[in-house]
Amino acid sequence: MWPIEVGVMKGYICQLELATVDPPAPVKVRKLAKVLGLNKADLLLLRMSTKAPSEIRGILKREVVATQRRKELTTVMVTRTS
C-alpha cells in the first residue's frame, strides 16, 4: 500500500488534491513521486507553487501540465515507432 510507504494516510492525499492542507515536506513529495511514478521536479514545483502569488502559481501549473503532455506525446511516438 503506497500511502504507508510514503508515510501518509489516504485521506491526506485527498486533502492535498483539494488543497485543504498545507503541502507536504519536500522529502514526502519525493517519496510520492517515486511511488506514483511521477516526475519529482514537477511535483516539487507544484508544491512550491502553493506559496507563490496566484499569477506565478498559474504559470507554474501550466508549465508542469505542458511538460507532462510533451512526455506523453513522446512516449506515444516512441511506442508507435518501435
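The set of residues in region 1-27 being at pLDDT 80 or above, in a helix (DSSP H, G or I) and within 21 Å of Thr67 (Cβ to Cβ) consists of Pro26 alone.
Among the residues of region 34-49, those identified as closer than 15 Å to Thr67 by Cα and in a helix (DSSP H, G or I) are Lys40, Ala41, Asp42, Leu43, Leu44, Leu45, Leu46.
Within region 13-39, the residues that satisfy the criterion of being without any contact (Cβ under 8 Å) to a residue 24 or more places away in the chain and in contact with a Pro (Cβ under 9 Å, 6 or more places away or on another chain) are Ile13, Leu16, Val29.
For Glu72, the test of being over 20 Å from Gly7 (Cα atoms), in a helix (DSSP H, G or I), modelled with pLDDT of 80 or more and of a type in the set (D, E, K, R) is failed. Looking only at residues in region 1-40 that are touching a Lys or Arg at 6+ places or on another chain (Cβ under 6 Å) and more than 22 Å from Ala52 (Cα to Cα), the one that is surrounded by the fewest Cβ atoms within 10 Å (Cβ to Cβ) is Pro3.
Which of the residues spanning region 50-60 are in a helix (DSSP H, G or I) and surrounded by fewer than 16 Cβ atoms within 10 Å (Cβ to Cβ)? Within region 50-60, Ser54, Glu55, Ile56, Arg57, Gly58, Ile59 qualify.
The values are calculated or read from the model by the stated rules, or taken from the named source; none is laboratory data. For clarity, every value in this text was computed on a predicted model and none was experimentally measured. Glycine gets a Cβ as well: all are built from the backbone with ideal geometry, and neighbour counts include every protein chain shown.
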